[in-house]
1. Out of the range 89-105, which residues are surrounded by fewer than 19 Cβ atoms within 10 Å (Cβ to Cβ) and not in a loop (DSSP other than H, G, I, E, B)?
2. Going by the structure shown, is residue 45 part of a loop (DSSP other than H, G, I, E, B), within 14 Å of the chain's Cα centre (by Cα) and crowded, with 21+ Cβ neighbours inside 10 Å?
3. Please go through (1) surrounded by fewer than 16 Cβ atoms within 10 Å (Cβ to Cβ); (2) in a helix (DSSP H, G or I) for residue 1 and return the number of the only condition it doesn't satisfy.
4. Using the structure shown, decide if residue 145 is closer than 19 Å to residue 4 by Cβ and out of contact with any helix residue (DSSP H, G or I) (no Cβ under 9 Å at 6 or more places or on another chain).
5. What number of residues within the range 153-189 satisfy the criterion of being over 19 Å from the mean Cα position of the chain (by Cα), surrounded by 12 or more Cβ atoms within 10 Å (Cβ to Cβ) and either in contact (Cβ under 8 Å) with a residue 60 or more places away in the chain or assigned to a strand (DSSP E or B) (or both)?
6. Can you go through 81, 64 and tell me which one is surrounded by 13 or more Cβ atoms within 10 Å (Cβ to Cβ), farther than 17 Å from residue 149 by Cβ and in contact (Cβ under 8 Å) with a residue 60 or more places away in the chain?
7. Which one is modelled with the lowest pLDDT, of the residues in the range 122-152 that are assigned to a loop (DSSP other than H, G, I, E, B) and buried (at least 18 other Cβ atoms within 10 Å of the Cβ)?
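The values are calculated or read from the model by the stated rules, or taken from the named source; none is laboratory data. A quick note: this is a predicted structure, and the numbers were derived from the prediction, not measured. Note that we place each Cβ from the backbone using ideal geometry, even for glycine, and neighbour counts take in every protein chain shown.
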């Protein structure tokens with residue numbers, strides 16, 4: 001069965017974006033960038049891939065992405081209607097009305113969509129964000145991969161929002177990079 005993997009960048013204090021959706025405050029480290037390019041090439045947006053040497057590089061881990069409207073909207077605002085054209089793309093939204101691109105499927109019921117996708121053959125499913133969608137899909141998440149950057153945001157969009165329903169996870173692997181950032185994989189306890 002395919003896994004739903006919440007793969008996301010997060011600050012030390014647990015924010016995936018600033019209060020205005022900012023995500024450019026994460027410090028980069030060359031060794032982390034190279035690791036991400038090698039191990040998670042499909043998480044780089046399609047319009048960026050040719051510029052960073054990933055044009056034609058096959059998907060390694062995921063063949064499908066599920067994202068909330070907040071994760072999809074910055075691309076739309078920049079005129080990018082199909083941000084991950086190399087993946088099957090689903091946007092959880094009840095307010096978009098219609099998809100801006102035939103390659104992007106809208107879903108008003110992300111739980112049902114993820115359950116259906118998990119039953120299909122294929123690679124893992126990347127939960128790209130955001131917080132409300134991650135909170136709604138928490139019972140369906142099979143793995144967390146948190147890229148924790150050595151920065152405190154202070155305020156912003158947390159990794160999860162939703163009802164209080166603790167779910168324990170166990171760390172199974174951690175990598176540390178030159179700037180002190182880490183990448184930790186967690187699986188349900």
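1. Pass one, the range 89-105, residues surrounded by fewer than 19 Cβ atoms within 10 Å (Cβ to Cβ): 94-103, 105.
The answer is 105, and nothing else.
2. no
3. (2)
4. On the way: closer than 19 Å to residue 4 by Cβ: yes; out of contact with any helix residue (DSSP H, G or I) (no Cβ under 9 Å at 6 or more places or on another chain): yes.
It is true that residue 145 is closer than 19 Å to residue 4 by Cβ and out of contact with any helix residue (DSSP H, G or I) (no Cβ under 9 Å at 6 or more places or on another chain).
5. Qualifying residue count, the range 153-189: 3.
6. Numbers: 81 fails: in contact (Cβ under 8 Å) with a residue 60 or more places away in the chain.
The conditions single out 64.
7. As a first pass, look at the range 122-152 and keep what is assigned to a loop (DSSP other than H, G, I, E, B): 122-123, 130, 141-142, 150-152.
Subset that is buried (at least 18 other Cβ atoms within 10 Å of the Cβ): 130, 141.
Numbers: 130: 91, 141: 98.
Checked the range 122-152; the qualifying residue modelled with the lowest pLDDT is 130.
Rundown of residues vs (1) in contact with a strand residue (DSSP E or B) (Cβ under 6 Å, 6 or more places away or on another chain); (2) touching a residue at least 40 places away in the same chain (Cβ under 8 Å), yes/no style:
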{"site": "3", "(1), (2)": "yes, yes"}
{"site": "31", "(1), (2)": "no, yes"}
{"site": "37", "(1), (2)": "no, no"}
{"site": "44", "(1), (2)": "no, no"}
{"site": "47", "(1), (2)": "no, no"}
{"site": "72", "(1), (2)": "yes, no"}
{"site": "85", "(1), (2)": "no, no"}
{"site": "88", "(1), (2)": "yes, no"}
